[in-house]
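Values in this text are rule-based calculations from the coordinates and carry no lab data. Fair warning: this is a prediction, and the values are worked out from it, not measured in the lab. Neighbour counts run over all protein chains shown; Cβ positions are idealised from the backbone, glycine included.
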Amino acid sequence: MNILTFSISDERGKIFIMAYTMTHILIAEKVLEYANWPIDYATYIVGTIAPDAVHANHNYSRGLKEKSHIFAEGLKWGEVTRENELDEWLDSIKEFYKNNYFKYDRDFFLGYIVHVLADICSCREIYAPFYKSLTQDEMEEKKKQFSLESYCVNYYLFREYSKSKNLVDVLKGGRSYSISGVYDDSVFENRIKQLFDFEFKSWDIESIDKNSICTIENTMALIEKAPQIIKNVFIDDFYSSQEELAIEA
């Protein structure tokens, strides 16, 4: 049985195609409901947004995005739409975690892994069906629409989150660490600035209920269901066993 069979740009130039920042943060928070250990929330959330910090790199490229998201060899960012490709991506993440979890801060590294797993869920449930429905002639315009709608949903979620938490304080209070060959911590401060200069600026959400690709409804469905998938394919079957091995060692 395929374990992923379930239902549920650089700003100003490059188009994001997976889950946006607030979706990642809210999924990561719900994953914590399955954690039975103390965790540094701020560092975990920093880890959760770190894979997309590559967008703050002045030399951004799709290849950097593929590295930061632990793609299996041969997979192309924005073109992963088949079940076997999603399985290859998941296997690459698990293998990477197994070979590296003991090298880095636990809470940051867990947040990082949760981010890329959430992107698998987002790709499977929202992006891949959207991408496969496009004709070549409409692809460019529809991707722009996808991006705009996603930014609006992201801003809506940011406003809701901000009713109880200050995201700037959370990100400033957490710790970020470079991950060899994958993530360069030197871009993180620029990423925070980028988020608040653009992604969390005031977006017009008056017509958000008219979104047709990235909607409040399908985003909230993803936020509710992705954590359970992450629990099943990573926390229960993989993460816990690796933690036990680390304790025994």
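Side notes on the structure shown:
- (1) 1.06; (2) 0.96; (3) 1.13, with the label sought being that of the calculated Cα Rg over 2.2 N^0.38 Å: (2)
- Distance from the range 122-150 to the range 12-75 (C-alpha centre basis), Å: 20 Å
- Here the simple spin-label model places points 7 Å from the Cα toward Cβ, and for Leu134 and Arg175 these points are separated by 4.1 nm.
- The Kirkwood radius of the range 119-239, taken over pairs of alpha-carbon atoms, gives through the Stokes-Einstein law at 10 °C and 1.306 mPa s a diffusion coefficient of 94 µm² s⁻¹.
- In terms of the mean number of neighbouring beta-carbon atoms within 10 Å, the peptides 39-47, 193-201, 206-214 order highest first as 39-47, 193-201, 206-214.
- When the range 49-140 is reduced to its Cα atoms, the Kirkwood hydrodynamic radius in Å: 14.2 Å
- A quarter of the convex hull surface defined by the alpha-carbon atoms of the range 15-65 gives 4.3 nm² as the mean projection.
- Across the alpha-carbon atoms of the range 64-108, the computed radius of gyration and Dmax are 11.6, 33 angstrom.
- Cα principal axis extents for the range 151-193, largest first, Å: 35, 23, 15
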